[in-house]
Every structure is written in structure tokens, then in C-alpha cells.
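The values are calculated or read from the model by the stated rules, or taken from the named source; none is laboratory data. Note that the structure is a prediction, hence the values are computed from the model and not measured. Because the Cβ atoms are built from the backbone with ideal geometry, glycine has one as well, and the counts that use them run over all protein chains shown. Heavy atoms of the whole protein, side chains included, go into the accessibility calculation; ligands, DNA and RNA do not. Shrake-Rupley method; radii C 1.70, N 1.55, O 1.52, S 1.80 Å.
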Amino acid sequence: MDTDAQLTERDPSPTPDQGPEQGSRFARFRARAAGLRHRPVTLLALCLAFVLLLSTFIAQPFLIPSSSMENTLRIGDRVLVNKLAYRFGSAPARGDVVVFDGTGSFVHREQGENPVTGLLRGAGAALGLARPAETDYVKRVIGTGGDHVTCCDKRGRIEVNGEPVSEAYLHPGDAPSSVDFDIVVPEGRLWVMGDHRTRSSDSRDHLGQPGGGTVPLDKVIGRADLITWPMSRWRTFDTPGTFDRIPAAAGPHG
């Protein structure tokens, strides 16, 4: 065979750098590049969806909007609200700090809000980045169903079932109440008050309204368990020992 012919003979098949194979590889490269380009957006969307689900069903950061719970909670604090605290047979106890929907107990009128604004605010509130709904409140449980709660005794203290409550958590200088009251808390409801009594609109302010200022258990969103921000105020909440001495409810005016 002619050697020169062998040297000049070419393989008729396309090289990897040209023809259909090159086009196929380029298409796969573009597909992978597009996937990488969109992956951060997808991951961000999944993360946000996960956080929103967590906030809706398990635990939600809650931005403190007012001074009604000072000095326990201050304006701008973010607390973690445990939504599972009362889901499996447990109920709010005296001394718990709870977040609840005041519709029907503290709020007796429709709250108008632009749907788009409401959606954005709700998403921000679920992440602890925006103020909560105007119907959401944070207060301390003073009396539970059946409790006889009165104010005030000769020393100016609140009594629950005849036992005076020593409220060390009150804002410095505040009296337990400037309003006298005497109520037996209906079953399935709570008597709640803010720790900053002179700045708190709570059960006392709604005595003459339906429910007598008490909050239904099914309106409780969860229990405030932890201040998460600012870091300098990081702390958990314990039930004040003063509530351990209160006897069980013994019926009307027990």
C-alpha cells in the first residue's frame, strides 16, 4: 500500500470537537449552567417556605410592639412563641406569658386592612421582622378557669382563690392595680394582665364587655418561652414561684 496514501488518509468520523457530539455536549453544559443559576433562588424559596411552616405550626418569633410588659419585655424585643406548648392536653398556667388573639375579648370591631398589606405584614410578622397584627397581645396569665381573682386586699395586692400574689415582676413603681375588680374566671378562659400595669390595656379594661375581659383558651397562640433578640437580653421565662402557693379553685367565690 502506498505510504503517502496512508499518511494523507483521513478518518471520515467526526472528532469530539465538531459535529453532533459537540452540539450535544454544549447543550448539556448550558442546561447545567442554567440549573446552577436558578438553584440559589430555589434554595431561598425552599428555606423561606420551611421557616414560614415552622412559624405557623411550631414556633414563631414575635416582635414586642408596646411597653405593656416592661420590664419583663421591652419594645423591640423578639420572643420565641412556643405554639406546641398547649397543643397536646396542656393548658396555660398562672404566671405564663402568653400571646393570644384578642378578637372577641379585647377587640370587638372589625380590623380593616388592605389584603396585600396584610399579606406582607403577616409574612414579616411570622419572621419576627414586622409588628404583629393589631389584634395580637402578649400578657401574663393571672387566673385560669374557676379562679376567683380580686383586687385589692388591705396591702394593695391581687388575690387568687384567697391567696395574695407577690408580683416581683411588676414594673418598678407600679401598684398591682389602680382598678378594683372581683371576678370568677369562667371555665375555658383566662384572666390576663400586663406587667407594666399603668401602661397595660388588659382584662381590667374589658370588664363590662362580653366575656368580662377574659380570653378564650382557643384564642391563645402560644407561650413566650425565650427572648431571642437583642442578644444582650437573651433569657428564658420561668413561672414565678408566687403562683405555686395558690390553692385550687373551689367553685364560685371559692
Next item on the list: Tell me, please, whether a residue that is closer than 23 Å to ARG74 by Cβ, of a type in the set (Lys, Arg) and out of contact with any strand residue (DSSP E or B) (no Cβ under 7 Å at 6 or more places or on another chain) can be found in the range 152-162.
Entry: no
Notebook entry, point to check: Has the range 237-250 got at least one residue that is out of contact with any strand residue (DSSP E or B) (no Cβ under 9 Å at 6 or more places or on another chain) and under 15 Å from VAL79 (Cβ atoms)?
Noted result: yes
Next item on the list: State whether the residues of the range 228-236 include one that is among the hydrophobic types (A, V, I, L, M, F, W, C) and under 19 Å from MET193 (Cβ atoms).
Entry: no
Notebook entry, point to check: Among the listed residues ARG204, ARG189, ARG199, which satisfies the condition of being basic (Lys, Arg), within 21 Å of ALA248 (Cα to Cα) and in contact (Cβ under 8 Å) with a residue 12 or more places away in the chain?
Noted result: ARG189
Item checked: Search result, residues across the range 52-77 that are open to solvent by 60 Å² or more (accessible area, probe 1.4 Å) and modelled with pLDDT under 90 -> LEU52, LEU53, LEU54, THR56, PHE57, ILE58
